[in-house]
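S.K.: Let me begin by handing over the structure; questions about it come next.
The values are calculated or read from the model by the stated rules, or taken from the named source; none is laboratory data. Computed from a predicted structure; not experimentally measured. Here Cβ is always computed from backbone atoms with ideal geometry, including for glycine, and neighbour counts include all displayed protein chains. To get the accessible areas, we keep the full protein, side chains included, count just its heavy atoms, and leave off ligands, DNA and RNA. Shrake-Rupley method; radii C 1.70, N 1.55, O 1.52, S 1.80 Å.
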Amino acid sequence: MMPPGARACWVCGGERLSLRKPANYRGALDSGAFAITDTHYGVTAAIYECADCGFLQCAELDDVTHFYEGVEDEAYEAGRAQRRLQLRRVLENVRRHVPGGRLLDIGAASGILVAEAQQMGFRAEGVEPSRWLQRKAVERGLPVHLGTFPNPSCEGPFDVITLVDVIEHVTAPRCLLRAARSALAPHGIVAVVTPDVRSLAARIMRWHWWHFRVAHVGYFDRRTLERAARRSGFVPLAFERPGWFFSGGYLWDRAWKVLGLAGPRAPAVLERVTIPLNLHDSLLAILRPTGETE
Ligand SMILES: [Zn+2]
């Protein structure tokens, strides 16, 4: 059952947690393990499952946010063009619910979403804990504040708050959702993108699934995401399956990685192509605030 010192379920508050996967990272945790493009798939802290709601969480970890302050990620910057396409799709989804206004991107990295949102007519800004990534954004003239959320430099109300691949990185997801809710305009929405641990890809790959990595400390599926949202004062308006875009070279490298082999360099022609890929193993939830929280 729950280890001494560990918390209750981060989604439902239940206290019956069972160990599902022992920790298998070596040495002490540091910022390197928290890079966005970390490829040590299957390497995680100890993962516990909640008997009440099924949520999987690294229950022994305390707040890991400080690890992001020192993250430097050249590979993320190199994939900017593909990320831009992916985030544009997310924003097209958002725009069906809220056509414009003030937008805040939490975990904005180097500001790719902020730049896209500006192009689509939003008054967009972001907040990012990594000094290196935040500086990249500022160098591009993008309004991305340094720090975590909530943050005095980005005060609401916002019409849209985006949390793209963020909620799986925090040890208190309901606190983050509630903070987002209090910064939201009454008719605003929060868009959450997160891996789906009960997707077909995750079931097939089991503990080798690419989203099992040190930086991911909470593993949602549609049910637990909805439950966390409802307990934080939201009602889901829509769930989608956001797709991704990759360079051919990236997919080549990752395919060898998944096979556990050191493959040859990608053929040059692959570096020039962008491949849309929807593995249906990510969730996009559009959330609207309700009157009350649980
Ligand atoms: Zn639970």
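S.K.: Could you tell me how many of the residues in region 106-127 are open to solvent by 10 Å² or more (accessible area, probe 1.4 Å), in contact with a helix residue (DSSP H, G or I) (Cβ under 7 Å, 6 or more places away or on another chain) and of a type in the set (D, E, K, R)?
M.R.: 1
S.K.: Any chance region 71-85 includes a residue that's within 16 Å of the chain's Cα centre (by Cα), modelled with pLDDT of 85 or more and of a type in the set (Val, Ile, Thr)?
M.R.: Looking through region 71-85, at least one residue is within 16 Å of the chain's Cα centre (by Cα), modelled with pLDDT of 85 or more and of a type in the set (Val, Ile, Thr).
S.K.: Further question on the same structure: Please give the helices (runs of 4 or more DSSP H) falling wholly within region 43-121 in which 3 or more residues are of a type in the set (A, V, I, L, M, F, W, C).
M.R.: Once the helices (runs of 4 or more DSSP H) in region 43-121 are filtered for at least 3 residues that are of a type in the set (A, V, I, L, M, F, W, C), what remains is 80-95, 112-119.
S.K.: Only one of (1) touching a helix residue (DSSP H, G or I) at 6+ places or on another chain (Cβ under 9 Å); (2) crowded, with 20+ Cβ neighbours inside 10 Å; (3) closer than 24 Å to SER31 by Cα fails for CYS58. Which number is that?
M.R.: If we test CYS58 against (1) touching a helix residue (DSSP H, G or I) at 6+ places or on another chain (Cβ under 9 Å); (2) crowded, with 20+ Cβ neighbours inside 10 Å; (3) closer than 24 Å to SER31 by Cα, just (1) comes out false.
S.K.: Would a scan of region 80-90 turn up a residue that is more than 24 Å from TYR250 (Cβ to Cβ) and surrounded by fewer than 18 Cβ atoms within 10 Å (Cβ to Cβ)?
M.R.: Looking through region 80-90, none of the residues is more than 24 Å from TYR250 (Cβ to Cβ) and surrounded by fewer than 18 Cβ atoms within 10 Å (Cβ to Cβ).
S.K.: Does LEU177 fit the bill of being out of contact with any helix residue (DSSP H, G or I) (no Cβ under 6 Å at 6 or more places or on another chain), under 28 Å from VAL43 (Cα atoms) and buried (at least 23 other Cβ atoms within 10 Å of the Cβ)? First the steps, then the outcome.
M.R.: Numbers: out of contact with any helix residue (DSSP H, G or I) (no Cβ under 6 Å at 6 or more places or on another chain): yes; under 28 Å from VAL43 (Cα atoms): yes; buried (at least 23 other Cβ atoms within 10 Å of the Cβ): yes.
Here the answer is yes, as LEU177 does meet what is asked.
S.K.: While we're on this one: Cβ-Cβ below 6 Å, separation at least six or inter-chain, first residue in region 51-68 and free of Cβ contacts under 8 Å to residues at least 24 places away in the same chain, second away from the ligand (no atom under 16 Å from the Cβ): which pairs?
M.R.: Pairs that qualify, where the first residue is free of Cβ contacts under 8 Å to residues at least 24 places away in the same chain and the partner is away from the ligand (no atom under 16 Å from the Cβ): there are none.
S.K.: A further question follows. Looking at PHE234, PHE239, PHE212, PHE246 in this structure, which one is within 14 Å of GLU168 (Cβ to Cβ) and of a type in the set (Phe, Trp, Tyr)?
M.R.: PHE212
S.K.: If you don't mind, another one. Quick check on this structure: which one of GLU60, GLU72, GLU49, GLU77 is touching a Phe, Trp or Tyr at 6+ places or on another chain (Cβ under 6 Å) and of a type in the set (D, E, K, R)?
M.R.: Residue meeting the stated conditions: GLU72.
S.K.: Specify which of the listed residues (GLY42, GLY79, GLY101) is under 15 Å from ALA215 (Cβ atoms), more than 16 Å from the ligand (Cβ to nearest atom) and among the small types (Gly, Ala, Ser).
M.R.: When all the criteria are applied, what remains is GLY42.
S.K.: If you don't mind, another one. Looking at region 242-294, which of its residues are part of a loop (DSSP other than H, G, I, E, B), among the charged types (D, E, K, R) and more than 16 Å from ARG83 (Cα to Cα)?
M.R.: ARG265, ASP281, GLU292, GLU294
S.K.: Can you go through VAL258, VAL214 and tell me which one is more than 16 Å from the ligand (Cβ to nearest atom), open to solvent by 50 Å² or more (accessible area, probe 1.4 Å), in contact with a His (Cβ under 9 Å, 6 or more places away or on another chain) and at pLDDT below 90?
M.R.: VAL258
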